[in-house]
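Structure, as structure tokens:
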Amino acid sequence: MPAARAAVAGAPSGRAPAEIVAGARPVPTGLRTGIDRGFLALCLALTSLAVLVLVVLLLTVWRDGHERLGWEFLTSYASRKPADAGVKAPLWGSVWVCAICALAALPVGVGTALYLEEFARKSRLTSFIKLNISNLAGVPSIVYGLLGLTAFSRLFGLANADDPITLGNPDGLLYLQLPFGSGVLAGGLTLMLVVLPIVIVSSQEALRSVPRSLRAGSLALGATQWQTTWNITLPASVPMIMTGAILAMSRAIGEAAPILVLGVPLFIRSTPTNLMSDFTVLPLQIFDWAGRPKAGFHELAAAGILVLLAVLLAFNAVAVLIRHRLQKAA
């Protein structure tokens, strides 16, 4: 180490960089190969351990819950009797909430990333905004639940929750009230806050991966900045953006704390019919069943986990299919 520092320090005094590199003491090939193989073996061991733990957990859940799976379990509402309980209400609630979350988070997140990477001028303010967006990805989800409770459920106290402003027929699909209360719209927008930093950061990385030469070539041919972004940069980055969207939705579908803060009921025997309908989600129902003392409810919780994994895989499969189609089109 001292010799290396002396060599670096002596560079300005006349020694060329090539002379410094030639004079450095080489690491023995055998030692370097051994270090590489040891690090590879360590990575494989840790990966195998993680996969083994995951397989054990999945097998345990399958052992406890596969007997409860069936059409009756999917089409029955929650019940105080384990033999009659099902996941119809939380299943449809999760679908509604995740659909609203995706429709709200993806356009806003991708649009924000496009502006910050392609149009915003480089300044201290822009760097400060990017840094804070990256930090928001690590904020606990319950904090977003409190924000959603204030902003969406209570509308910052600007409207009376006991006498809300209503638009449309309460029994129809196009019904809206202000504040949103604890309906599916408030739940979806709250989950949007949870995953929005993930979507923005992943979209920024996707846009940065597009070579600058493509942008320069488009601008050199006379295209405007917007035409270059819409026709060149965005199509080239869509596959990676969809990968980030898959990760974001995987987190959203398993969140329970933000939804619980909104005051969502754990026991409900109805499915959503509009954006203001009461709802519950699979993670909350699983949490409720897992906390009960009877063994039958623990089996229901395991079966609910399997259903939640199936819904997650279905959402991911659709996103992967869209990404594949867009990648082939590009």
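In Å², what does the accessible area per residue of segment 66-186 work out to with a 1.4 Å probe?
59
Checking the cross-link filter: which lysines have an alpha carbon closer than 30 Å to that of Lys122, excluding same-chain neighbours under 8 positions apart?
Filter leaves Lys130.
Per residue, how many Å² of accessible area does segment 219-330 show with a 1.4 Å probe?
49
Check which residues have an amide H placed less than 5 Å from Leu275's amide H, if you skip close sequence neighbours.
Residues meeting the amide H criterion: Tyr175.
Relative to the longest principal Cα axis of the chain, at what angle does helix 234-253 sit, 0 to 90 degrees, rounded to 10?
The angle comes out near 50 degrees.
Counting only protein heavy atoms and a 1.4 Å probe, tell me what percentage of the chain's accessible area is made up of carbon and sulfur.
68
To make sure I understand the rule: partners must be lysines, Cα under 19 Å from the Cα of Lys81, and not fewer than 8 residues away in the same chain. Which ones qualify?
Within the straight-line limit of under 19 Å, Lys81 reaches these lysines: Lys294.
I want to check the label-to-label distance for Val51 and Val139. Put each point 7 Å from Cα in the C-beta direction and report it in nm to one decimal.
The modelled label-to-label distance comes out at 3.7 nm.
Comparing Gly109, Gly188, Gly222, which has the greatest mean-square fluctuation in the GNM of the chain with Cα pairs linked when under 10 Å apart?
Largest GNM mean-square fluctuation: Gly222.
Could you tell me which of Leu155, Tyr144, Cys43 has its Cα farthest along the dipole of segment 27-186 towards the positive end, charges placed at Cβ (Lys, Arg +1; Asp, Glu -1), taken about the Cα centre?
My answer, from the dipole projection, is Cys43.
For segment 203-278, what value does the Rg/Rh ratio take when both radii are computed over Cα atoms and Rh is the Kirkwood radius, given to two decimals?
Ratio of gyration radius to Kirkwood radius for segment 203-278: 1.29.
Of the residues Val238, Val210, Val61, which exhibits the maximal mean-square fluctuation in a Gaussian network model of the chain defined by a 10 Å Cα contact cut-off?
Comparing Val238, Val210, Val61 in the GNM, the peak value goes to Val210.
Which whole-number percent of Cα pairs in segment 181-330 have a distance greater than 20 Å?
62
What list of ³J(HN,Hα) values in whole Hz, one per residue of segment 104-116 in order, does the Karplus curve 6.51 cos²θ - 1.76 cosθ + 1.60 (θ = phi - 60°) give from phi, with Gly and Pro shown as x?
8, 6, 5, x, 5, x, 5, x, 4, 5, 4, 5, 5
Springs between alpha-carbon atoms under 10 Å, Gaussian network over the chain: tell me which of Ala16, Ala41, Ala257 tops the mean-square fluctuations.
Between Ala16, Ala41, Ala257, it is Ala16 that shows the largest mean-square fluctuation.
Could you tell me the calculated FRET efficiency between Ala83 and Leu309, based on Cβ-Cβ distance and R0 = 22 angstrom, to the nearest 0.05?
Approximately 0.40, to the nearest 0.05.
What is the magnitude of the charge dipole of segment 26-160 about its Cα centre, with +1 placed on the Cβ of each Lys and Arg, -1 on the Cβ of each Asp and Glu, and no other charges, expressed in debye to the nearest 20?
Around 380 debye, computed over segment 26-160.
The values are calculated or read from the model by the stated rules, or taken from the named source; none is laboratory data. Quick caveat, the model's predicted, so the values are computed rather than measured. Counting neighbours? That spans all protein chains shown, and the Cβs are built from the backbone with ideal geometry, glycine included. Ligands, DNA and RNA are excluded from the accessible area calculation, which covers all protein heavy atoms including side chains. Shrake-Rupley method; radii C 1.70, N 1.55, O 1.52, S 1.80 Å.
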